Amino acid sequence: MTGASDGAHLRNQQWFLTLIPAFPLVLLVLRLWYLSKQDMPTMLLLVRYVSPLGLLSALVITLLWVLPVVVLVGRGLGALLLVSAASREDAMRSWLVRASLRMPDWVVLVVVALAALTWQLRFLPVLVMVTLSIFGLSVRDRYGSYRWQVSAACVALPLVVAAGVYTWIGPAVVAAFRQGETVTALLLLVPIGLAPLLTGPVPARVARLVTHWPAMVAALFAPFLIGAIFLRAPILPSIALEVHAADTGDPARVVRGHEITVDDRMTTVLDSAGIVQFVLNDRIASKTLCADSWVVPSSMVDVHGWPVEQTALEWIAPARGQQPADPRCQGRPDPAS
Amino acid sequence: MSGETAPGPRRRVLSMRVLRFVASVAVLVLVMAAVVAFLVVKGPPSEQELLERAGLTDKLELRIGVKDDVPGVALRDADTGQFSGFDIDIAYMVASDLGFRRSQVHFYPIEPEDRSKMQARDGNRFVTVDLVVSTYSITEEREKLPRVTFSAPYLLTEQSVVTIEGHSTVQSLEDLRGEAVCTLGTSTSQTAVAKAGANVFGKNRLSECFTGLRSGQFEAVTTDAAMLAGFVATDPLQRLQHHDIGLEAVEAWGINTGGNEDLRTLVNLSLYRSLHNPNDPRWEEAFDRNLRHEQPVNLPQEIAEEHQPDVDPVRVRQWPWDRDKFPPAEPAQPAPSTSR
């Protein structure tokens with residue numbers, strides 16, 4: 001590599017590093033714009049009242065799983081390209097390999113632990129596969145001349161782990177096929193089975209095809225994917241207000257929506273149609289929190305009682321049980337309140 | 001970056017590398033398919049989504065069309081205006097599962113011919129009801145009507161005949177040939193008894209048939225046994241006789257949701273949970289309270305099957321703790337015809 005091309009690379013990286021902090025900011029603004037149904041006054045009101053800390057918390061909680069995806073995919077594909085390329089110099093031409101080599105092992109270990117806690121159960125076989133692949137490829141790269149060590153890391157270990165995982169998730173795979181959830185079944189079944197094959201080099205001619213280019217495509221589409229996921233994440237609490245009629249004082253209507261702010265005179269609510277409603281606190285008969293329906297899991301499959309759409313964190317942490325349906329969340333005054 | 005030189009091992013290494021390439025491609029394809037599938041395919045709707053799509057959110061009251069003159073099934077108290085009976089209890093059960101409290105449920109008397117139009121009488125005007133729970137038998141002909149969408153059945157009964165004591169035993173509809181027989185207009189019983197050669201009189205209210213029977217205007221009344229049973233059990237003079245006419249056809253009562261498919265799914269979900277939740281005795285209590293005690297005085301006719309009819313599984317997104325309470329639905333099988 002010449003000095004001039006090194007300089008060009010550095011300048012490219014500086015642009016990239018400048019854009020990285022801007023991305024969450026763009027996401028947060030887009031989220032508010034989406035919530036305001038593209039209405040500028042509503043968006044400005046949201047910007048004024050929505051807590052930046054709350055927004056950032058929502059962003060972190062919703063996208064915590066993305067960091068392991070980026071690190072592990074980069075490290076895994078980079079390691080595969082490194083051991084598959086015709087020469088080390090040839091491999092080093094790819095930014096993927098260079099980025100992969102810069103990741104310390106302890107970072108990968110921490111990220112694997114983070115992924116184990118924040119990835120849904122149905123993606124954990126993929127995590128096991130990627131971890132085994134990174135471990136096997138690293139051993140092959142560093143200790144390639146030690147045949148026994150390579151065989152143990154690249155063949156024996158993946159086979160033993162696969163046997164253990166299959167024993168654990170076998171009934172869930174059968175259940176997934178029975179429920180017609182083919183993608184979930186394949187996600188549970190295939191990655192572990194292929195893990196022993198992903199610990200060694202692929203033909204040098206096609207190495208970039210399955211490493212460099214998929215990483216490029218993923219890097220291109222990841223912002224859109226992340227944006228699509230974050231745009232659906234709740235950032236304001238869903239509530240229902242039972243509001244007295246002005247004249248009679250009887251509960252007359254229910255306002256459902258997202259609570260923007262409460263001050264000493266009124267409660268500001270963004271209703272489901274995207275219209276801001278200002279309700280006098282004196283007229284509020286009762287108030288309740290409502291569940292967001294989009295987070296209800298869609299898969300019926302579980303592994304020994306652990307639903308495949310739950311992360312380890314969600315599974316371990318205490319969860320709220322079934323609550324009786326509150327008519328106010330369906331827009332009806334509650335006669336019992 | 002192996003250093004093998006012999007042709008055999010080199011070929012083996014190459015084929016291994018090709019295999020690894022195929023595996024890598026398979027993983028990439030699977031991951032891409034999973035991402036697309038989980039982003040695009042949302043799976044079945046949640047209950048909340050169904051409620052919104054069915055138009056039930058922000059609805060202040062649930063309007064239900066029922067009969068108002070059939071003891072044990074749906075009867076309005078002339079003094080209090082309160083409705084009671086098996087249909088009423090089932091309506092309350094479904095309404096409760098739809099999120100409506102009893103005070104938010106309003107019953108409207110509905111004539112037999114209006115059940116397919118979802119139009120019920122409210123004083124001097126007609127209103128469109130959300131549900132019809134009114135002894136409405138599921139038939140193929142009715143399912144073809146534009147505003148008829150039947151739920152799963154909630155009661156199985158059969159056609160029978162009631163006469164004044166002293167009438168010769170009626171063992172088939174043919175035994176009524178030439179006699180004046182009253183039944184409900186547009187009921188499934190009307191066609192069968194007409195084919196048997198009886199002089200059929202169709203009425204909008206079953207109580208009118210029994211008034212005519214007691215006055216001698218009619219010699220028999222025929223319709224579903226569960227409806228006739230209440231009149232026999234509450235007859236002040238206890239001189240009504242229920243006859244088993246030996247028909248094989250089963251009358252399966254369903255709830256009409258008036259073309260609202262999402263509402264039908266929710267009603268079916270309510271019936272499915274009532275059937276499969278061992279801690280939910282509402283159907284059984286409704287049967288015991290309204291129909292079981294009528295059986296002894298209606299012998300030899302069985303007035304209705306004492307178990308809730310089967311309901312096909314309903315697929316909805318639900319929380320794991322809900323799944324513990326209700327068995328997860330198997331994939332939808334081809335539904336057996338509910339027309340009897």
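Things to note:
- Result for chain A in a Gaussian network model with C-alpha springs under 10 Å: among A:V279, A:V128, A:V308, the largest mean-square fluctuation is at A:V279.
- Förster-model FRET efficiency, 30 Å R0, B:R102 and A:R253, C-beta, rounded to 0.05: 0.90
- In this rough spin-label picture, where each label sits 7 Å from Cα along the Cβ direction, the B:Q171-A:F177 distance is 5.7 nm.
- Rough spin-label spacing in nm, given labels placed 7 Å along Cα→Cβ, for B:S215 and A:A233: 7.5
- Per residue of peptide A:212-218, the mean number of Cβ atoms on other chains within 10 Å of the residue Cβ is 2.
- Global form of region A:137-211, assessed from the alpha-carbon gyration tensor, a/c cut-off 1.5: oblate
- FRET efficiency for the B:L237 to B:N199 pair, using the beta carbon distance and R₀ = 35 Å, is estimated at 0.90.
- For the options B:G197, B:G166, B:G259, a Gaussian network treatment of chain B with springs between C-alpha atoms closer than 10 Å singles out B:G166 as fluctuating the most.
- Cys with no candidate disulfide partner in chain A (beta-carbon separation under 4.7 Å rule): A:C154
- Euclidean distance between Cα centres, region A:123-182 to region A:24-50, Å: 44
- Lys pairs, chain B - Cα-Cα below 20 angstrom, 8 or more residues apart or on other chains: 5
- If you bin all the Cα-Cα distances of the protein assembly as shown at 20 Å, starting from zero, the percentages per bin are 15, 35, 27, 17, 6, 0.
- Rg/Rh (Cα only; Kirkwood hydrodynamic radius) as it applies to chain B: 1.22
- For chain B, the longest principal axis of the alpha carbon atoms and the long axis of helix B:86-97 meet at an angle near 30°.
- Between helix A:212-231 and chain A: long-axis angle, C-alpha atoms, 0 to 90°, nearest 10: 10
- Modelled FRET efficiency - R0 45 Å, A:A163 with A:L56, Cβ distances, 0.05 increments: 0.55
- With Cα atoms, 0 to 90° folded angle of helix A:182-194 axis to chain A main axis: 30
- Applying Stokes-Einstein at 25 °C and 0.890 mPa s to the Kirkwood radius of region B:159-243, computed over alpha-carbon pairs, gives a translational diffusion coefficient of 199 µm² s⁻¹.
- Cleavage-rule hits, chymotrypsin sites (Phe, Trp or Tyr not before Pro), region A:78-168, DSSP coil, Cβ neighbours within 10 Å at most 15: A:Y143, A:Y146
- Cα shape, region A:1-147, gyration tensor, a/c 1.5 rule: oblate
- Dividing the summed helix terms, -39500 (n - 2.57) for each DSSP H run of n ≥ 4, by the number of residues in chain A produces a 222 nm estimate of -18000 deg cm²/dmol to the nearest 500.
- In chain B, helical runs assigned H by DSSP with n ≥ 4 each contribute -39500 (n - 2.57); averaged across all residues and rounded to the nearest 500, the mean residue ellipticity at 222 nm is -10500 deg cm²/dmol.
- Gyration tensor verdict on chain A (Cα atoms; rounded if a/c is under 1.5, prolate if a/b is larger than b/c, oblate otherwise): oblate
Rule-based calculations on the coordinates, nothing more; no lab input. Keep in mind that this is a model prediction, so the values were computed, not measured. Don't worry about glycine lacking a Cβ; one is built from the backbone with ideal geometry, like all the others, and counts go over all protein chains shown.
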